[in-house]
Amino acid sequence: MRKHSFQADLAEIAAQEVKAGRLDRRDFLKILAAAGVAPALGAVLGSDPASAQANEIVLANFGGDAINGMSEAWGKPFTADSGIPVRVDGGSPLAGKIKAMVESKSVIWDVCDGDGFLCNQLGNQGLLDEVDYSIVDKSKIREGWAWKHGIANYTYSFVLAYKKELFPDKPPTYADFFDTKKYPGKRSLWKYQMGAMEACLLGDGVARDQLYPADLDRAIAKAKSLGDDVIYWESGAESQQMFLDGEVVMGNIWNTRASILERDTQGKVTWTWNDGLYCPSSFVMPKGHPASNEALQKFLASILEPDRQIKLLSILGNGPTNPAASASLPPELQRLDPGYGDNAKVQAIRSEDWYEKNYDAAVEKWIDGIAG
Amino acid sequence: MRQPYIGFLLPAAFLVCGLFLVPIGQLIILSFDGFTEPSLRWYAQILETGSIQRILWTTFRIVTITTLIAVLLGYAVAFAMAHMGPRQRLLLLLCVLVPFWLSVLVRALAWLILLRNNGIVNETLLATGLIGAPLPLVRNEFGVIIGMVHYLVPYAVFPIFATMQNMDGRLMMAARSVGASPLRTFIDVYLPVTLPAVFGAGLLVFVFGLGFFVTPAILGGGRVVMLSEYVSISVLQTLRWGLAASLSVVLLVATLALLWIVSKVVGVRRLLGNA
């Protein structure tokens, strides 16, 4: 077969290098991208780059401090044990991107950080590899959070953060959150439904253990009752900034941001675990990932080690998913872990089942509801 | 007649085909659910879903208001620029160009700092006692329009300015010499000559405005969702690519229709050639 362009030729050389083992698949994809050739062409050229094993693990998360945090807590110890480097890529592995990569057979991530319910949601669409529970120890994961296509890697919560001067004696409830007459000022909620819906339902009198199946219409009506007194935050950094700038007096935000706010404002902004929403995050492995499956399974097993989970908590504020880790926390970290004893008891637990089935439709309905 | 330089068009034609027409074709196919089982269900959904229509209406309303204001301001700036001395012109040009070079994100955040409840504008007004409570200037539709107008004014200024600068000054002199007042000269001579450029600028601003994404997301406080943000959510969050594709096709068709209408009214040669 005659090649028609320099790029195609370059791609062919690269493909041969992969076959000969002198170039790994990831560099191969990079060369193809640099040459402006779609990765799919690699397959057309007669090479099967997927058969080449990459010599590193690429962990995709949502960037920011989590790049360094996951690298320190999970990447480095794993590399020390196995000799396999772990590179953290803050490329935001949203479900849409994972789907696009798998379907176009150009997967560049090995392990992706995402919400717990994505394991089943994407797994059932055939987009993910299964977890090998002969390598990953199921007993090191909180019950119900070891899924067929992924494991819970850390936890986080949506919590009610507030200005301390407004509530010096006791923390606000979600009834106070919606009482703009008694407590004037703006509130913030996440734009993408999660946590916000639960806050609205709690504020409307729904009991913590009765949230699911959720009445989305009721939640939207409650959110709209705030009128101009609500600002929807998009990124965690934004939710934090709104408090620092004094734009809002209360907000339903991630516990990781709340604890940073408390630290940075010397306690002027603080949070309550009361009526928080306790959620598992997860690691999934998109089908066609470059690294070897065995290395990935071992990596997943390694992140469940209590000391590594505690390390992540101390750097990022994300809680452990291994109950043994929560049980052995030093006192200064106990207040930060969403899953620690009393903290967990006063919160609602997100229903992964409900979100797996309803999240897409719910986000859409929510956005439609709050817009205009 | 032989065209010796036609070969130079090939790279551009290749780029437009490969990077624009082919993906657009794929998008259109996607919006009909592909070849195997073509359907109109995404278009039906647009017609049936009230909230999507609200978002379309919000987009249309905001962009129309933005276009009117931006063209009006742009006309005034262009007029000043065309008729002032070269040094002042340079200064004014800089004032228009410097923000033009700033990223859209930086500009949106700058407006936020100025206009939010405890921002510079509200704090100053409160301190002087002119207002008793902060004005809701941002995190709403009003804020979105401010941010968009600011971004889009240069796009209105330049086509109008080009026409004004190339205008034959003797036209006005002729009008004045037969006794027309300055206002009369402006309305009967100056305005009609510059009108095609105004339509061209309006079209440019309108089309750009339809695709706005960052500005409404930041300045709208999450409650002002415009079409392109909704498309982005459909692609990345809710994975309804068919809906995203069909909304994009609707946007594309609306834009082309607009282009056609304006070109019928003004004449496409005057719109593209003179501006």
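Readers should treat all values here as calculations from the given coordinates under stated rules, not as data from a laboratory. Note that the coordinates shown come from a computational prediction; the quantities given were computed from them, not determined experimentally. Cβ atoms come from the backbone with ideal geometry, glycine included; neighbour counts cover every protein chain shown.
Applying 1/(1 + (r/R0)^6) with R0 = 51 Å to the Cβ-Cβ distance of B:E48 and B:I113, what FRET efficiency is obtained, to the nearest 0.05?
On the way: r = 41 Å, r/R0 = 0.81.
My answer for the efficiency is 0.80.
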ask   = Each residue of segment B:123-133 in turn: what ³J(HN,Hα) in whole Hz from Karplus with 6.51, -1.76, 1.60 and θ = phi - 60°, glycine and Pro shown as x?
value = 4, 5, 5, 5, 5, 7, x, 6, 10, x, 10
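Output the antiparallel fraction of DSSP beta bridges having both residues in chain A, as a percent to the nearest 5.
On the way: 23 of 37 bridges.
Roughly 60 percent of the DSSP beta bridges within chain A come out antiparallel.
Normalised by the number of residues in segment B:41-274, what is the relative contact order in percent for Cα pairs under 8 Å and 6+ residues apart?
Numbers: 245 pairs, mean separation 65.0, N = 234.
RCO, segment B:41-274: 28 percent.
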inquiry  = Can you show me the helix-derived [θ] at 222 nm for chain A, built from DSSP H runs with n ≥ 4 at -39,500 (n - 2.57) apiece and divided by the number of residues, rounded to the nearest 500.
reply    = -11000 deg cm²/dmol
task = Scan around A:I231 for amide H atoms under 5 Å from its own, H built in the peptide plane at 1.01 Å from N, and keep only partners 5 or more places away or cross-chain.
result = A:R187, A:S188, A:L189
Residue with peak Gaussian network fluctuation, chain A [Cα springs, cutoff 10 Å], from A:G288, A:G317, A:G227 = A:G227
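By counting other Cβ atoms within 10 Å of each Cβ, how are A:W74, A:W190 ranked from fewest to most?
Details: A:W74 27, A:W190 23.
Ascending Cβ contact count within 10 Å gives the list A:W190, A:W74.
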query = Quick one: if you take sqrt(5λ) for each eigenvalue of the C-alpha gyration tensor of the protein assembly as shown, what semi-axes come out, biggest first, whole angstrom?
reply = 48, 37, 22
request  = Rounded to whole Hz and in sequence order, give me ³J(HN,Hα) for segment B:143-157 from the Karplus expression 6.51 cos²θ - 1.76 cosθ + 1.60, θ = phi - 60°, writing x for Gly and Pro.
outcome  = x, 4, 5, 4, x, 6, 4, 4, 5, 9, 4, x, 5, 7, 4
request  = Starting from the Cα of A:K268, step 7 Å toward the Cβ, then list every residue of segment B:99-134 with an amide N under 15 Å from that point.
outcome  = B:118-119
ask   = For B:S177 and B:L10 in one chain, what is 0.36 nm times their gap in residues minus the Cα-Cα distance, to one decimal in nm?
value = 54.9 nm
key: Amide H within-cut-off set for A:D89, under 5 Å, with H built and near neighbours excluded   = A:L59, A:A60, A:N61
Estimated vicinal HN-Hα couplings, Hz - segment A:63-68 in sequence order (Karplus 6.51, -1.76, 1.60; Gly, Pro = x) = x, x, 5, 5, 5, 5
query = Rounded to the nearest 5, what is the percent of antiparallel bridges among the DSSP beta bridges in the protein assembly as shown?
reply = 60
Cα-only Debye scattering, segment B:1-148: base-10 log of I(q)/I(0) at q = 0.15 Å⁻¹ = -1.10
request  = May I ask for log10 I(q)/I(0) of chain A at q = 0.07, 0.11, 0.14 Å⁻¹, from a Debye sum over the Cα atoms as equal point scatterers with solvent left out?
outcome  = -0.35, -0.79, -1.15
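For segment A:234-346, compute Rh as the Kirkwood radius over C-alpha pairs and then the Stokes-Einstein diffusion coefficient at 37 °C and 0.692 mPa s; write the answer in µm²/s, rounded to an integer. Mind showing how you got there, number by number?
Numbers: Rh = 15.8 Å.
Estimated diffusion coefficient is 208 µm²/s.
222 nm [θ] for chain B, helices only, -39500 (n - 2.57) per DSSP H run of 4+, per residue, to 500? All intermediate terms of the calculation are to be shown ahead of the outcome.
Details: 14 runs with 196 residues, N = 275.
After summing the helix terms and dividing by residue count, I get -23000 deg cm²/dmol.
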query = Taking Cα atoms of segment B:41-274, Rg/Rh with Kirkwood Rh, to two decimals?
reply = 1.04
Pair-distance profile P(r), taking every C-alpha pair of segment B:90-145, with 5 angstrom steps and integer % = 4, 19, 20, 18, 17, 13, 9, 2, 0
request  = Straight distance only, please: which aspartates and glutamates reach the Cα of A:K222 with their own Cα at less than 12 Å, same-chain residues fewer than 8 apart left out?
outcome  = A:D179, A:E198, A:D204
